[in-house]
1. If you check Thr105, Thr65, which single one turns out to be out of contact with any Pro (no Cβ under 7 Å at 6 or more places or on another chain), without any contact (Cβ under 8 Å) to a residue 12 or more places away in the chain and either of a type in the set (Val, Ile, Thr) or surrounded by 12 or more Cβ atoms within 10 Å (Cβ to Cβ) (or both)?
2. Would you mind stating whether Leu55 is out of contact with any Asp or Glu (no Cβ under 8 Å at 6 or more places or on another chain) and at pLDDT 85 or above?
3. Between Leu33, Leu40, which is surrounded by 14 or more Cβ atoms within 10 Å (Cβ to Cβ), at pLDDT below 85 and either outside any loop (DSSP other than H, G, I, E, B) or within 14 Å of the chain's Cα centre (by Cα) (or both)?
4. Filter the range 43-65 down to residues that are over 17 Å from Ala88 (Cβ atoms), in a loop (DSSP other than H, G, I, E, B) and of a type outside the set (A, V, I, L, M), then give me how many there are.
5. Looking for something buried (at least 17 other Cβ atoms within 10 Å of the Cβ), over 24 Å from Gln26 (Cα atoms) and of a type in the set (A, V, I, L, M) - is there at least one such residue anywhere in the range 84-91?
6. Out of the residues in the range 30-52 meeting the condition of being out of contact with any strand residue (DSSP E or B) (no Cβ under 7 Å at 6 or more places or on another chain) and among the acidic types (Asp, Glu), tell me which one is farthest from Val82 (Cα to Cα).
Amino acid sequence: MQILAFDHASIDIIPIVDPRRPKPLQMKPLEFLGSSRDDLAAMPAGIRHNIGLELMRVQFGAEPTDFKPMPSVGAGVYEIRVRDASGAYRAMYVLHAFQKKTQQTAKTDIELGKARYRMIGGKP
């Protein structure tokens, strides 16, 4: 709803935004680096859907439901964690997407995340 203020002196009508109406949420852009989009597309449909929902939460300014910081990759890098019957899957805020097969993240996955982090100007 928009409220109009009436200026009696000059007979101008000035629109005023209703402060009770919340502003629409702004979605942040999402950019995939390297092969991360293809890596994500190769995952099972349910995993792709769940990672997509988690990425959308981040785009709207919320935190993913299951994540952990990845300081070994770079400041501000987080790993989104999704699991199903076929295993554990990860997405480093789309620097890299992969299936996790051991308790510890493979050095090759961390190194690839670091390289892509540098691509966006990050300093590990």
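The values are calculated or read from the model by the stated rules, or taken from the named source; none is laboratory data. Because the structure is predicted, anything quoted here is derived from the model rather than measured. Methodologically, a virtual Cβ is constructed for each residue, glycine included, from the backbone with ideal geometry; neighbour enumeration extends over all protein chains shown.
1. On the way: Thr105 fails: without any contact (Cβ under 8 Å) to a residue 12 or more places away in the chain.
The unique qualifying residue is Thr65.
2. Details: out of contact with any Asp or Glu (no Cβ under 8 Å at 6 or more places or on another chain): yes; at pLDDT 85 or above: yes.
Yes.
3. Details: Leu40 fails: at pLDDT below 85.
When all the criteria are applied, what remains is Leu33.
4. 3
5. For the range 84-91, residues buried (at least 17 other Cβ atoms within 10 Å of the Cβ), over 24 Å from Gln26 (Cα atoms) and of a type in the set (A, V, I, L, M): absent.
6. Here the residue is Glu31.
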